[in-house]
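Colleague: Below you'll find the structure I mean.
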Amino acid sequence: MTGEPPLAAGNAINPIVTLALEGNVAVIFVDSPPVNALSAQVREGLSEALRQAIADEGSRAVLIICAGRTFIAGADISEFGKPRLGPSLTDLQALIEAAPKPVIAAIHGTALGGGLELALACHYRIAVASAKVGQPEVKLGIPPGAGGTQRLTRLLGPERALEMIAFGEPPAADKARDWGILDALMQDGGLREGAIAFARQVMDKRPLPRLRDLTDKVEAARGQPGIFETFRKTHARKFRGFLAPEACIQAIEAAVNLPFDEGMAVERRLFQELVNGPQAAAQRYAFFAERQVWKIPGLPEGGATLPIHKVGIVGAGTMGGGIAMNFANAGIPVTLLEARQDALDRGLGVIRRNYESSAGKGRITAEAMSQRIGRLSGTLDIADLAECDLVIEAVFEDMDIKQDVFRQLDPIAKPGAILATNTSYLDVNAIASVTSRPDHVLGLHFFSPANVMRLLEVVRGVKTAESVLATAMQLARRIGKIAVLVGVCDGFVGNRMLAQRQREANRLVLGGAMPWDVDRVLTGFGFPMGPFAMADLAGLDIGWSPQTSRGETVKDVLCEQGRRGQKTGAGFYDYDENRKALPSAVTERIVIDLRARNGQTARGVSDDEIFERCIYPMINEGAKILEEGIALRASDIDVVWLNGYGWPLYRGGPMYYADAIGPGAVLARMRNFEESHGADFEPAKLLERLVAEGRGFTDAGPTP
């Protein structure tokens, strides 16, 4: 649906709100690109239009409808933290609920946050079948602030309201209708006519329905605190560290236990406590950073792209299979190439089981499962990739092997086809150099599991054509990824910074900490796992060879003893039958022996030292990445870490966090560590310059 055009020439309330009379239906039309956000001007226009429509004796119903691609998508986030101008959203809601004639919200696109809160104050809500409605404020670090918790709880009951508001995921339109959020669904493209017809059907119905007056579902839940305690316990791990989910729960509790106006006061207090706090600021920053990441200087949005109708993938292992699922999910046929039939059968079998598991859990329908599996085919003959528009190499992380694959692909792939490597560390330019088409080669670094993780590092080679980059970015959107453009260097952005943390984590262990001390500090900061627990999960034998191992590191000795991580029941940690990690006496003895062998004397290592030595070198490396132009913006680095490495969302990302604590604090500690621990802590020139200029990373702008 492209949007809803004006119904008729009418009275311009202000430049973005128009009021017209369609027979006996007053139509309020909002046209405030790009998403009709509830700015002061929109609120002022709506308020005046509502007053005029209510006063107009010729109108018997009022319809609110919007232009463009969406209904009112939500609040104007840019106004958060600033003095309010004009009427508030709650003023508008009060005007609607007090109206003596029905007010109907006609929704297309999305009605999220404040957009849905406005619609919930209307007496009726109708939508096209493609619309989405929801209260996603929790993703911005706040609870709803204009009655979302109070009206939805009265409409849906607390259990469903908790799921919808504390997670912030919008239900599909048909589900929203079945739940009662929407009163009717219209065909896409038929909202205008359908809305006017609906308004005429309900214009004489009395009393006018108001969600604030509903009591049956909240009365039924009163005196049942277990509803909320069970919800808290069930989702404690997911909510760990976040303030907004608990605020949502408390506001919904108030909806159950208090009269409407008192519940509104509780919701507003909780909103005000968080809206200007550090978590909300960090989550708003992340919201805008994810939108900024698509803007690439010199690469016009909507520029020419290459057609991608069929994809080939070299390697049907864990990564290749996961990558294939992304394209099959998006409706793009995929051919998987393997060297041996057993490997191909195994890879296709894993994909099938993944889809069967999703269907069994109700995440996709059986029909969708069959369609997706039907888009996948396997081959042992590289010639079968000749008609692919994009071929992605996903083989072992070895330069010789990858170059050999590209040498074979180059004469087979059709002219204009894009060749991509899924390397996570290696030089994309060196890989491109063995082909006759380096302008059509780039890196597409998917993160494991590739069918789940949102992040995609798009690696620009020195000769990569603009059309190829534009195609990769557009394709990332098509397969549901968030793409970050990065340059060529060892490890690109994410893994290059991760190497700094891993180096210091290992040194801290040999210096006096234990692996579980390091993990505890970093999970306390908000990471879902520490580096040693993560290594156990991935498998300690990744990158380890028994032929070359010399027992020089804790990891070497663990692997030599058969402790390969969770899959063997022991690694840095011991694991019980439920895979619960327990500090290991075996690991502790290995650490102590290695210290003695290296002539190192253990000393007390504070939590502050663990944190600063793991995190500050990452920030410093991020500064070097910006200096070198490997990343366009500090916010791009933050998007990588938020989406690929478990950086806690409520802390905004490593570069944002550096600004929050002050780049000067980071620089001072890096200089201290450089003096005591050596050149690995040498401060980046950009860090020094920003401190001297009194600026931060996130206001430094793109690096030329």
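Colleague: State whether one or more residues within the range 66-74 are of a type outside the set (D, E, K, R), at pLDDT 95 or above and within 13 Å of L19 (Cα to Cα).
Modeller: Yes, some residue in the range 66-74 is of a type outside the set (D, E, K, R), at pLDDT 95 or above and within 13 Å of L19 (Cα to Cα).
Colleague: A further question follows. Take D342 and tell me if it is more than 26 Å from the chain's Cα centre (by Cα) and in the same structural domain as A75 (by TED's automatic domain parsing).
Modeller: Here the answer is no, as D342 does not meet what is asked.
Colleague: Suppose we filter the range 371-382 for residues that are part of a helix (DSSP H, G or I) and exposed (fewer than 12 other Cβ atoms within 10 Å of the Cβ); how many remain?
Modeller: Total meeting the criteria: 1.
Colleague: Pull out all pairs, ordered by first then second residue, where Cβ-Cβ is under 6 Å, the residues are six or more apart or on different chains, the first lies in the range 172-191 and is more than 15 Å from G109 (Cβ to Cβ), and the second is of a type in the set (D, E, K, R).
Modeller: Once the first residue is more than 15 Å from G109 (Cβ to Cβ) and sits in the range 172-191, its partners that are of a type in the set (D, E, K, R) give D183/R125.
Colleague: Determine whether T234 is in the same structural domain as Q135 (by TED's automatic domain parsing), within 30 Å of P648 (Cβ to Cβ), modelled with pLDDT of 95 or more and not acidic (D, E). So that I can check it myself, show each step before the final result.
Modeller: On the way: in the same structural domain as Q135 (by TED's automatic domain parsing): yes; within 30 Å of P648 (Cβ to Cβ): yes; modelled with pLDDT of 95 or more: yes; not acidic (D, E): yes.
Spelling it out, T234 is indeed in the same structural domain as Q135 (by TED's automatic domain parsing), within 30 Å of P648 (Cβ to Cβ), modelled with pLDDT of 95 or more and not acidic (D, E).
Colleague: How many of the residues in the range 682-704 are touching a Lys or Arg at 6+ places or on another chain (Cβ under 8 Å), at pLDDT 95 or above and either outside any helix (DSSP H, G or I) or closer than 13 Å to P617 by Cβ (or both)?
Modeller: Total satisfying the criteria: 2.
Colleague: With G604, G629, G562 as the choices, which residue is over 28 Å from S676 (Cα atoms), surrounded by fewer than 23 Cβ atoms within 10 Å (Cβ to Cβ) and over 32 Å from the mean Cα position of the chain (by Cα)?
Modeller: G562
Colleague: Being part of a loop (DSSP other than H, G, I, E, B), touching a residue at least 12 places away in the same chain (Cβ under 8 Å) and crowded, with 23+ Cβ neighbours inside 10 Å: is that true of A339 here?
Modeller: On the way: part of a loop (DSSP other than H, G, I, E, B): yes; touching a residue at least 12 places away in the same chain (Cβ under 8 Å): yes; crowded, with 23+ Cβ neighbours inside 10 Å: no.
Here the answer is no, as A339 does not meet what is asked.
Colleague: Here is a follow-up. So A40 passes all but one of these: (1) in contact with a Gly (Cβ under 6 Å, 6 or more places away or on another chain); (2) crowded, with 19+ Cβ neighbours inside 10 Å; (3) of a type in the set (A, V, I, L, M). Which condition number does it fail?
Modeller: It fails just one condition, (2).
Colleague: Sticking with this one: Hey, among G416, G461, which residue is assigned to a loop (DSSP other than H, G, I, E, B), buried (at least 19 other Cβ atoms within 10 Å of the Cβ) and in contact (Cβ under 8 Å) with a residue 24 or more places away in the chain? Even if it seems obvious, please write down each step before you answer.
Modeller: Numbers: G416 fails: buried (at least 19 other Cβ atoms within 10 Å of the Cβ).
Answer to the selection: G461.
Colleague: Somewhere in the range 3-18, is a residue hydroxyl-bearing (S, T, Y), touching a Pro at 6+ places or on another chain (Cβ under 8 Å) and under 17 Å from A121 (Cβ atoms)?
Modeller: So far as the range 3-18 goes, no, none of its residues is hydroxyl-bearing (S, T, Y), touching a Pro at 6+ places or on another chain (Cβ under 8 Å) and under 17 Å from A121 (Cβ atoms).
Colleague: Please work out which one of (1) in contact with a Gly (Cβ under 8 Å, 6 or more places away or on another chain); (2) of a type outside the set (G, A, S); (3) outside any helix (DSSP H, G or I) is the condition R212 fails and give its number.
Modeller: Of the numbered conditions (1) in contact with a Gly (Cβ under 8 Å, 6 or more places away or on another chain); (2) of a type outside the set (G, A, S); (3) outside any helix (DSSP H, G or I), the odd one out for R212 is (3).
The values are calculated or read from the model by the stated rules, or taken from the named source; none is laboratory data. Source: prediction; values computed, not measured. Here Cβ is always computed from backbone atoms with ideal geometry, including for glycine, and neighbour counts include all displayed protein chains.
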